[in-house]
Amino acid sequence: MKKMAIIILLFCIFIGANVKGYSTTGHPEFIEIDFVDEGKLLINFSKEELEYGYQKISKPKFWGWSTYFFNYNCDAHYIGEVLFSKSNKTATPYFVDYVLETSDISKTSTTVSGAISAKIAGAIKKVTGNISGGINGEKEQESKISKTETTKVKIEIPPYSRVALKVTGEAKVTNAVSKYYILGMTFKKGTWETIEAITEYYELYEEKYR
Amino acid sequence: MKKYAICFFLTISITIACLILVVLKPSPTLKLTTVKKAYSYVSCYQEEERIQVDILINDLNKSITNKEKYSSLSISDKTHHNELVLNLEKVIYRGENVTINQESFYQYSYYFTVLFKTEDKFLLEIDDAYLCMNYRNMDINLAIGSFSYYKVPYFGDDKAHISISKLQPIVNDLEEEKILVGVVMGITNQTNQPITIEKITALDLNLQFFSADFMVIEEEVFSNSNISTLLGKSYSLHGTKDNNEEVLLVIPSNTKVDYLLPIKYHGAFKTNKMGFLIEYKIGEEQNTLYYDEFLFFTTKTKNLSIGEVLTYEK
């Protein structure tokens with residue numbers, strides 16, 4: 001009986017570790033992505049469309065990465081997470097202190113599939129060459145000042161209301177399929193996608209219960 | 001032969017040691033600067049306020065983060081006629097560096113507390129504010145931008161007649177940067193009588209809500225909507241300060257109205273964060289709603305205006 005319990009526990013842990021929250025964009029931080037012009041998220045690609053991308057990089061390379069970009073730094077609008085939400089089901093208003101820590105270092109969400117790691121996807125994206133051809137995976141060295149700021153705000157929750165703070169903004173979307181060749185043979189392959197939030201707009205809104 | 005070898009080895013060692021000393025020798029001068037910006041804060045009479053100032057310093061010396069090395073801290077104008085005493089809470093090394101005039105500067109965040117408390121309304125507005133401090137017997141006066149500091153009696157509406165039901169920024173690309181050009185503000189009248197909004201004041205010395213162009217918004221708008229398109233006419237970012245600017249917006253009983261409040265800048269700095277107050281009338285009774293500073297947006301800044309680099313002999 002004890003053994004059975006341990007097995008069930010281990011099974012739950014194993015299953016639990018692999019469960020990911022469902023997201024319509026494939027990125028939990030972004031609830032909705034709308035491209036400014038044309039564009040498509042990986043989650044909406046068919047098998048045939050992905051296969052088309054792999055075929056574009058099927059010409060063997062002696063060594064290194066070969067990548068086909070479906071979208072590269074495409075402008076998009078996003079609706080992000082609800083950062084804060086409080087309800088007041090009483091007849092008396094009250095205040096909450098909300099602390100928001102922000103940074104102008106852009107938030108990037110990367111998803112990968114196949115044998116590509118998120119780290120490699122990040123390196124591939126920072127290409128210094130032509131996009132569909134030879135890719136140099138060197139990471140860009142940036143010398144910049146980052147602004148990290150803490151803002152404390154008192155937010156009133158009126159009677160019989162829910163007040164929430166959500167984030168929306170502008171982002172750059174890049175998605176692709178990549179193959180890694182060693183001596184002309186495919187060693188790794190997979191799809192990857194990054195969404196880089198450029199701007200964050202904070203919107204406060206109230207909903208009445210009655 | 002052995003003697004020559006020892007002499008040669010010693011000469012080489014001494015030369016290398018000297019070179020290391022020259023390379024690692026700390027700079028004889030302390031240089032510091034900051035990115036100037038609009039600082040604006042609102043707090044209640046008896047509440048403390050926390051202020052963060054990021055400073056770039058050409059030094060990694062541990063004593064920079066030692067708060068015991070600092071004294072005589074304040075925010076002041078150039079003449080020191082208006083001064084707000086600060087208490088240093090902590091200094092944090094951000095672990096990032098930037099090159100200015102071919103010299104490495106390291107980023108430090110200074111966190112201060114304003115201990116000032118009052119029993120009455122108080123405001124301190126400084127167009128050209130300085131962070132003044134004494135660090136290891138060096139009197140530092142660093143220009144940080146503008147400083148707006150307001151003490152208010154309470155937050156919200158103490159009579160609970162009105163509440164803020166929506167806050168949304170309108171941000172446009174102007175003058176090669178993202179600028180807060182307007183705010184969508186939802187105001188709810190929670191009473192059974194109509195309420196007249198008489199004045200909406202932004203609590204930052206650089207800008208003003210431009211009441212002549214206030215308009216009701218009936219549909220959802222995006223935060224990056226073009227302000228001229230929303231207004232239906234050409235928008236100008238800059239304007240002159242008008243201290244008597246009044247509005248007369250009537251909100252019917254138990255109704256929520258969303259207004260577009262365009263912003264005009266008359267100061268040197270743009271802002272992404274501010275509080276505000278709303279003066280209104282219900283019947284013959286006048287009252288005010290005070291709102292804490294609200295962060296409207298953040299972005300990756302393209303053009304940072306680094307201030308003058310101050311140099312001190314150590």
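Each reported figure results from applying straightforward, stated rules to the coordinates on display, with no laboratory input. Here the structure is a predicted model, which means the values were calculated and not measured. Note: ideal-geometry Cβ built from the backbone for every residue, glycine included; neighbour counts use all protein chains shown.
With neighbours defined as other Cβ atoms within 10 Å of a residue's Cβ, the residues B:Glu246, A:Glu206, B:Glu177 order from fewest to most as B:Glu246, B:Glu177, A:Glu206. Of B:Asn61, B:Asn137, B:Asn101, the residue with the greatest mean-square motion in the GNM of chain B, using alpha carbon springs below 10 Å, is B:Asn101.
Under a Cβ-Cβ cut-off of 11 Å, what is the net charge of the residues other than B:Lys166 that fall near it, where Lys and Arg count +1 and Asp and Glu count -1? The answer is -4. For region B:193-314, the convex hull drawn through the C-alpha positions has a volume of 173 cubic angstrom per residue. The mean count of C-beta atoms from other chains within 10 Å of the C-beta of residues in B:220-231, rounded to a whole number, is 2.
Angle between the Cα long axis of helix B:2-24 and the longest principal axis of chain B, 0 to 90 degrees, nearest 10? For helix B:2-24, the angle is close to 20 degrees.
Once the Cα-Cα distance is subtracted from the 0.36 nm per residue extended length, the B:Asp139 to B:Asn226 segment shows a gain of 26.7 nm. Rg/Rh, computed from the Cα trace of chain B with Rh as the Kirkwood radius, has the value 1.14. Restricting the calculation to Cα atoms, region B:29-152 yields a radius of gyration followed by a Dmax of 14.8, 50 Å. Here region B:29-152 carries DSSP beta bridges of which approximately 85% are antiparallel, counting only pairs with both residues inside. All other residues whose Cβ lies under 12 angstrom from that of B:Thr33 are scored, Lys and Arg at +1 and Asp and Glu at -1, for a net of -1.
Take each peptide in B:276-282, B:167-173, B:77-83, A:41-47, count the other Cβ atoms within 10 Å of every residue, and average; sorted highest first, the result is B:167-173, B:276-282, A:41-47, B:77-83. Seen from B:Val216, the other residues with C-beta closer than 14 Å to its C-beta sum to a net charge of -3, counting Lys and Arg as +1 and Asp and Glu as -1.
Partner shielding of A:161-172 amounts to 3, given as the average count of beta-carbon atoms from other chains within 10 Å of each residue beta-carbon.
Rounded to a whole number of µm²/s, how large is the Stokes-Einstein D of region B:119-256 at 25 °C and 0.890 mPa s, given Rh as the Kirkwood radius over C-alpha pairs? Estimated via Stokes-Einstein, D reaches 136 µm²/s.
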